[in-house]
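The values are calculated or read from the model by the stated rules, or taken from the named source; none is laboratory data. Keep in mind that this is a model prediction, so the values were computed, not measured. Every residue, glycine among them, receives a Cβ derived from its backbone with ideal geometry; neighbour counts consider all protein chains shown. SASA here: full protein model, heavy atoms, side chains in, ligands and nucleic acids out. Shrake-Rupley method; radii C 1.70, N 1.55, O 1.52, S 1.80 Å.
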Amino acid sequence: QIFERVSPNWGARRGGQRPDLVVIHYTAMQSAQAAIERLCDPVAEVSAHYVICERGGVTRLVPEGERAWHAGAGRWGDVRDVNSRAIGIELANTGDQPFAEPQMAGLEALLAQIMVRWAIAPERVIGHSDIAPGRKIDPGPRFDWARLSRAGLAREVPPISGGSLWDPDVDQEALFRTYARDLGYTAPVDDATLLSTLRLRYRPSAQGPLSAEDFAPLAQSDLWF
């Protein structure tokens, strides 16, 4: 069941574009209702297509075919106007707590429907932090990307085989930037911010300088082997 609450904060997708991305956020507010009120406040000038509460209930604020105002400034690959290409999903979460099981189940059900409706590939399901590195961190280190990946609802991280990719004779930072850019991380940020952003998504407990393990999420069969 999807509840309806119409937000005034939306417009037409520019250039007649269709959604081919899903961006996942957390609300950073104390309740789903508080988030919905803000996303429906014309003074706030923000919105999302959906809000999912901790119990898994889904509220639609903006029709999927329209442009909600959730992404702000950001880039993904060659996409610069993310709002015109994305469907935004807000999860009620303060940012420092686990995501509830009913909420994750509700997200999985909604994502599966959206991806079929708009023919969106798992690789195009991303976090707010992915498009706005250094500016945003949601859905944060507590979000279970691996669960979505196992369900075919987010990018599957390919394992590294055939030995380490680490080569001390190569500029590893430059190589890391190259493969991150190939995945979609095209926002102009420094090396440290790029590394922390990739770790937030794929290795949230990792610390220290760039290492061979940081390349595992970037590996692609057509590029590496």
_Among the residues in region 155-165, are any within 14 Å of the chain's Cα centre (by Cα), at pLDDT 90 or above and closer than 24 Å to residue 96 by Cβ?_
no
*For residues that are surrounded by 15 or more Cβ atoms within 10 Å (Cβ to Cβ) and not small (Gly, Ala, Ser), tally how many sit in region 86-114.*
13
*Report those strands (runs of 3 or more DSSP E) wholly inside region 17-60 carrying at least 1 residues which are of a type in the set (Lys, Arg) and open to solvent by 40 Å² or more (accessible area, probe 1.4 Å).*
58-60
*For residue 200, indicate whether it is at pLDDT below 95, within 17 Å of residue 131 (Cβ to Cβ), under 15 Å from the mean Cα position of the chain (by Cα) and surrounded by 14 or more Cβ atoms within 10 Å (Cβ to Cβ).*
no
*State which residue pairs qualify: first residue more than 19 Å from residue 58 (Cα to Cα) and inside region 1-29, second residue part of a loop (DSSP other than H, G, I, E, B) and among the small types (Gly, Ala, Ser) in any location, beta carbons under 6 Å apart, and separation of 6 or more residues or different chains.*
none
_Out of the residues in region 115-126 meeting the condition of being in contact with a helix residue (DSSP H, G or I) (Cβ under 9 Å, 6 or more places away or on another chain) and not acidic (Asp, Glu), tell me which one is surrounded by the fewest Cβ atoms within 10 Å (Cβ to Cβ)._
121
